[in-house]
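Student: Have a look at this one.
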Amino acid sequence: MSNIGITGTGFYVPSKVMTNKDLENLVDTSDEWIQKKVGIKERRIASPQEATSDLAIYAAQEALSNANVENKDIDLIILATSTPDMIQPATASIVQGKIGATNSAAFDVSAVCAGFIYAITTAYGMMKGIDHYKKVLVIGAETYSRILDWNDRETCVFFGDGAGAVILEEVEDDFGIQETYLKNDGRGASVIQFLAGGSRYPASEETLEKNMHKFEMQGKQVWDFATTVMPLAVNKVVESADEKVSNLDFVIPHQANINIIKNSMDKLDLPMSKTYTNIDKYGNTSGASVAIALAEAHQKGVFNKGDKISLVGFGGGLSYGAVYLTWGI
């Protein structure tokens, strides 16, 4: 396939809204502090009846409709999540069965907040290298409300639940994905982690029980990492396409922290008018955030055909990466 691009988008967020005021009743925090530090006003929380796969299904169905693609015509589903329904089978398999895309392959990608960037890059590479992958569904979906310690003010205020999806197909010349860039620095693997099912070190049963099922994040290290790699990844992917960052029309970043985005856009010497943010409404939806922001911006008519766009994500692992594309819808 000569040119591969996005032909449809979709997203879904649960109906339940949790505001900063609600969090004031759970932990020692304040609406003013959360808005100032990260830019979040509220986030969405999945109902007890909604699993990660359910959120993914809603986003996938909207993307299929938006692209005018039938479920039976999907050749491959790649789902990025760090909050799967279960250890096995893959959440992508559950989604595949429920949307009736039974002619496709399906698997999950785990790269935390960079998950959607990893998934779309994997899809792009497979479509380029294997002829029979012609229509691919890429999803980012998370239910972080299920893994958070709601007594931990250092983590619970940041995250929300949601899912976003895109359809990738062959597109006309001069449009579509131009370059991708993925990296990981495992030396920082402990900066963001969720301990479950074991420990990295020999430990007593008491220690294992205490640490199991606990989400942890080191805020200062995350800031230093994110404000370094977000501009780095955008520069690298754009330079690889023999383009200039100054010619970008939009940067769609992982919605981790509004101040990380502002700092990084400043380092890129780009105005905030060249990005799209919705962290104020949805919080940090981890591997779903780039997909949700992209889909919402598209459906609001933010993009014009021919716009030069970089998608960029960064998160646990420490994983990071970017995609450079020319918008073709």
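Please treat every number below as a calculation from the coordinates, not as lab data. Since the model is a prediction, treat every value here as computed from it, not as a measurement. Glycine gets a Cβ as well: all are built from the backbone with ideal geometry, and neighbour counts include every protein chain shown.
Student: With all pairs of different alpha carbon atoms counted, what Kirkwood hydrodynamic radius in Å does the chain show? Intermediate values should be presented prior to the final figure.
Tutor: Numbers: mean 1/r = 0.0508 Å⁻¹.
Evaluated on the chain, it is 19.7 Å.
Student: Show that you can apply the helix-only estimate: for the chain, add -39,500 (n - 2.57) for every DSSP H stretch of four or more residues, divide by all residues, and state [θ] at 222 nm to the nearest 500. Walk me through the numbers on the way to the answer.
Tutor: On the way: 10 runs with 106 residues, N = 329.
After summing the helix terms and dividing by residue count, I get -9500 deg cm²/dmol.
Student: What is the spread of the Cα atoms of the range 4-173 along each of their three principal axes, largest first, in whole Å?
Tutor: 55, 34, 25
Student: Hey, got a sec? Which chymotrypsin sites (Phe, Trp or Tyr not before Pro) in the range 115-172 land in a DSSP loop and have at most 14 other Cβ atoms within 10 Å? Don't jump to the answer; show the numbers that get you there.
Tutor: On the way: sites: 116, 118, 124, 133, 144, 150, 158, 159; in loops: 133, 150, 158.
Filter output for the range 115-172: 150.
Student: Among 154, 32, which comes first, then next, by fewest other beta-carbon atoms within 10 Å?
Tutor: Details: 154 13, 32 9.
Ascending Cβ contact count within 10 Å gives the list 32, 154.
Student: Separate question: Expected output is a single nm value to one decimal: the length gained when fully extending between residue 17 and residue 70, i.e. 0.36 nm times separation in residues minus the C-alpha distance. What is it? Don't skip to the end; give the middle numbers.
Tutor: Values: separation 53, 0.36 × 53 = 19.08 nm, distance 3.21 nm.
Working it through step by step, the gained length comes to 15.9 nm.
Student: Gain in length, residue 266 to residue 103, computed as 0.36 nm per residue apart minus the alpha-carbon separation, to one decimal in nm? Can you show the working numbers first?
Tutor: Working: separation 163, 0.36 × 163 = 58.68 nm, distance 4.53 nm.
Length gained, residue 266 through residue 103: 54.1 nm.
Student: So what is the relative contact order for the range 13-81, in percent, with contacts set as C-alpha pairs under 8 Å and at least six apart?
Tutor: On the way: 43 pairs, mean separation 21.2, N = 69.
Relative contact order comes out at 31 percent.
Student: Multiply the residue gap between residue 3 and residue 221 by 0.36 nm, knock off their C-alpha separation, and tell me the result in nm, one decimal place.
Tutor: On the way: separation 218, 0.36 × 218 = 78.48 nm, distance 3.82 nm.
Fully extending the segment from residue 3 to residue 221 adds 74.7 nm.
Student: Let me ask something else about it. Compute from the Cα atoms of the range 20-72 the Rg and the Dmax, the latter being the longest Cα-Cα distance, and quote both in angstrom.
Tutor: Rg, Dmax (Cα atoms, Å): 17.2, 50.
Student: When DSSP beta bridges are limited to those with both residues in the chain, what percentage is antiparallel, rounded to the nearest 5? Could the numbers behind the result be given before it?
Tutor: Numbers: 40 of 56 bridges.
Counting only bridges with both partners in the chain, antiparallel ones make up about 70 percent.
Student: With the crude spin-label approximation of a point 7 Å out along Cα→Cβ, what separation in nm comes out for residue 246 versus residue 153?
Tutor: 4.6
Student: Going by alpha carbons, how many degrees (0 to 90, nearest 10) lie between the helix axis of 219-240 and the longest principal axis of the chain?
Tutor: Relative to the chain, helix 219-240 is tipped by roughly 10 degrees.
Student: Continuing with this model, one more query. Please work out the Kirkwood hydrodynamic radius for the range 177-326, using every pair of different C-alpha atoms, and report it in angstroms with one decimal place.
Tutor: Working: mean 1/r = 0.0608 Å⁻¹.
After inverting the pairwise mean of 1/r, the radius is 16.5 Å.
Student: Now for a separate question. How high is the relative contact order of the range 4-173, in percent, counting Cα pairs under 8 Å that sit 6 or more residues apart? Don't skip to the end; give the middle numbers.
Tutor: Numbers: 365 pairs, mean separation 58.2, N = 170.
For the range 4-173, the relative contact order is 34 percent.
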